[in-house]
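Read through the structure below, which is laid out as structure tokens, and then see the notes.
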């Protein structure tokens, strides 16, 4: 491992770390969340109840009727922007070898006057101020959605599509970001940090079903089948200005919490304000991303990460119409998204 990769592995709990960092807010120093072994992961990815060609999983729960039902309940013209800005130096998965966000000017007003790329002469170039630019980035940075090809099990992604048959040199031919439809649904914020009376959850805090249920009760909010459920840990307060505090040992969902939201509460999709949705270190010794593979490979749940929930939390907006559409990056395992929330 390169030094930078070792540093991130330590921070995420992929190698030895201090288990005391995983204790709950206000817990005694010895009350660490246990890391336990689980039964082996399934032999194959999940098969879709929506048919052998399905590439969007639980987003099939959306219909014209469900979208219209959410929009009809909007009671305010106020718009909450749930996305973060992209900027050079932003937090991302660069310690795992993924590219950082880079911004390059390709044309500037003075440079265009000198280069005259359109061959129109100095007078016109001086009159027309031309600026152009380009960006390079990892698809899983900033506010984004994970497509169903992002993580699989034993060579297969959701619905049994295999890397041998469906992964080419230009990306996956199944389950890519281009397949994801715009999401319009009822959204619910579960503000776990606020319910516990803290600005943010401690490092590596593993959110449980009880945490979610207690936060919903505190808020006076009830989940409905087909919801977009967004979980606030409070980590977003470090997104600009302190990369390591944002990225290191993130609090997030445990496997039981993810199962509770999808299997019992029948949420359509999930999101959180951290970099990884789930917490690290994980609770399994046979899977280094158990929540990711459960949601994507086993249940067909595309989900959001790095969602800015601070304004919703500040204004105590817990129910809203969620509207979000990601870039149609063909074959990609994820794509940037700019979701908005309209209070109900």
Run the quick spin-label model on residue 310 and residue 63: label points 7 Å from Cα toward the beta carbon, then report their separation in nm to one decimal. 4.0 nm
Largest-first principal axis extents, alpha carbons of the chain, Å: 71, 53, 47
When the expected Rg is taken as 2.2 N^0.38 Å, what fraction or multiple of it is the alpha-carbon Rg of the range 251-328? 1.16
By the mean-Cβ-within-10 Å protection proxy, highest first, 180-187, 162-169 rank as 180-187, 162-169
Give me 82, 153 ranked fewest to most by other Cβ atoms within 10 Å of their Cβ, as a rough exposure proxy. 153, 82
How much mean residue ellipticity at 222 nm does the chain get from its helices, if each DSSP H run of length 4 or more adds -39500 (n - 2.57) and you divide by all residues, to the nearest 500 deg cm²/dmol? -4500 deg cm²/dmol
Specify the angular offset, from 0 to 90 degrees and rounded to the nearest 10, of the alpha carbon long axis of helix 3-12 from the longest principal axis of the alpha carbons in the chain. 40 degrees
Computed over the range 119-261: relative contact order in percent, which uses C-alpha pairs under 8 Å that are six or more apart: 21 percent
Which angle from 0 to 90°, rounded to the nearest 10, does the C-alpha axis of helix 209-219 make with the longest principal axis of the chain? 70 degrees
Simple spin-label model, 7 Å along Cα-to-Cβ: residue 86 to residue 110 in nm? 2.7 nm
Using mean Cβ contacts within 10 Å as the protection proxy, how do 83-96, 190-203, 54-67 order, highest first? 190-203, 54-67, 83-96
Determine the relative contact order of the chain: mean sequence separation of Cα pairs under 8 Å and six or more apart, normalised by residue count, in whole percent. 29 percent
Starting from the Cα of residue 221, step 7 Å along the direction of its Cβ; do the same at residue 127; then give the gap between the two resulting points in nm. 5.5 nm
Mean projected area (nm²) of the alpha-carbon convex hull when the range 193-245 is viewed from all directions: 4.4 nm²
When the distances between all Cα atoms of the range 162-281 are binned every 5 Å from zero, what whole-number percent does each bin get? 2, 11, 18, 19, 15, 14, 11, 6, 2, 1
Segments 247-259, 321-333 sorted - mean Cβ within 10 Å per residue, highest first: 247-259, 321-333
Contour minus Cα-Cα span, residue 327 to residue 213, at 0.36 nm per residue, comes to 37.7 nm
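Bear in mind that the values in this text are calculations on the coordinates, not laboratory data. What you are looking at is a predicted structure, and each value in this text was computed from that prediction instead of being measured. Virtual Cβ from ideal backbone geometry, glycine too; neighbours counted across all protein chains shown.
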